[in-house]
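The values are calculated or read from the model by the stated rules, or taken from the named source; none is laboratory data. Please read these numbers as outputs of a predicted model, since none were measured by experiment. Positions of Cβ are generated from backbone atoms using ideal geometry, with glycine treated the same way; all protein chains shown enter the neighbour counts. With ligands, DNA and RNA removed, areas are computed over all heavy atoms of the protein, side chains included. Shrake-Rupley method; radii C 1.70, N 1.55, O 1.52, S 1.80 Å.
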Amino acid sequence: MKIRDYREEDQASWLRCRVLSFMDSSYFDDVQRDREKYDNPVIQIVAVDHNGVVGFLDCEYEEKQGDVCYFKGDRGGVIWHMGLLPDYRGQGLATAMWHAAKKRLKENHVHRVEVWTQDDLEATRWYLKQGFVFKEAYLNAYLKGSLGDPTLKKFLNLQDCGDIFGIRSLNFEAPIERKEELADICYRLHEVRVYEAEL
């Protein structure tokens, strides 16, 4: 097993790893066909074995304060992607990738890192163990229904949509205070949480 920088030839393996890593998480439907491009500097770390990428961590960071991070403060970064194939979990690879990224962030005078994740217990435990601190949360809500459904009418102004034939799924973000109300009408409802760590 090796921890190293991402290379262009890793792309297909990285994409495969991302899909399989997220299958048992609340991000199971966040499938990407192309590798993310970033507007700012990024540290891209992978864990590889003879079969290719088995883990990944992407952290975009600010050249000047406010370019990337949600919270104000010292120059920071955001972990946009992080995952491990299920068979490689529990071996310290996530921590090794994080330490490699953290070292590079410090070398680039980045003082803090944010991460956005949903309510996946194992991910939450790992971030807390690494010293990340919970900052705030909002809801990621999913509705289904027919055009005549009063619940959908409440959340969607159908007059502004023009001619549509139906609604397969409506996904929206809402304040955390609406959790009880939305729990009764959503087929999926996740807390999206932001954590921050000082470097």
* **For the range 172-180, 3J(HN,Hα) per residue [Karplus equation, 6.51 cos²θ - 1.76 cosθ + 1.60, θ = phi - 60°, Hz, x = Gly/Pro]** => 8, 9, 8, x, 4, 5, 9, 4, 5
* How big is the chain in terms of Cα radius of gyration and Dmax, in angstroms? -> 19.0, 57
* **Gain in span if fully extended, Lys129 to Lys37, counting 0.36 nm per residue against the direct Cα distance** => 30.2 nm
* Structure fact -> Taking the dipole of the range 1-154 about the Cα centre (Lys, Arg +1; Asp, Glu -1; charges at Cβ), the one of Ala100, Gly55, Ile43 that reaches farthest to the positive side is Ala100
* Which sequence of Met23, Met97, Met82 reflects their accessible areas, 1.4 Å probe, from the largest down? -> Met23, Met82, Met97
* To do: Name the long-range amide H neighbours of Leu139: under 5 Å, sequence gap of 5 or more, or other chain; modelled H, no Pro or chain starts.
  => Ala174, Ile176, Val192
* Structure fact -> Note to self: with every protein chain in place and a 1.4 Å probe, the range 78-120 gives an accessible area per residue in Å² of 45 Å²
* If r is the Cβ-Cβ distance from Met23 to Glu198 and R0 is 41 Å, what FRET efficiency results, to the nearest 0.05? -> 0.80
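If you scale each eigenvalue of the Cα gyration tensor by 5 and take the root, what three semi-axes come out for the range 26-112, rounded to whole angstrom and sorted largest first?
Values: eigenvalues 120, 49, 25 Å².
That gives 24, 16, 11 Å for the three semi-axes.
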* Show that you can apply the helix-only estimate: for the chain, add -39,500 (n - 2.57) for every DSSP H stretch of four or more residues, divide by all residues, and state [θ] at 222 nm to the nearest 500. => -7000 deg cm²/dmol
* Structure fact -> From the Cα centre of the range 165-187 to that of the range 69-142, the distance in Å is 26 Å
* **Virtual spin-label span in nm between Arg188 and Asp87, 7 Å along Cα→Cβ** => 2.6 nm
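Rounded, prolate or oblate: which one fits the range 71-139, using the alpha carbon gyration tensor with axes a ≥ b ≥ c (rounded when a/c is under 1.5, else prolate when a/b beats b/c, else oblate)? It would help to have the intermediate numbers written out before the result.
Details: a/c = 2.27, a/b = 1.18, b/c = 1.92.
In terms of gyration-tensor shape, oblate.
With a 1.4 Å probe and all protein chains kept in place, how do Ile185, Ile167 rank by accessible area, largest first? Each step should come with its number before you reach the end.
Values: Ile185 55, Ile167 30 Å².
Ranked list, largest accessible area first: Ile185, Ile167.
Roughly speaking, to the nearest percent, how much of the range 56-174's 1.4 Å accessible area is carbon and sulfur? Don't skip to the end; give the middle numbers.
On the way: 3360 of 6790 Å².
About 49 percent, which is the carbon plus sulfur part of the accessible surface.
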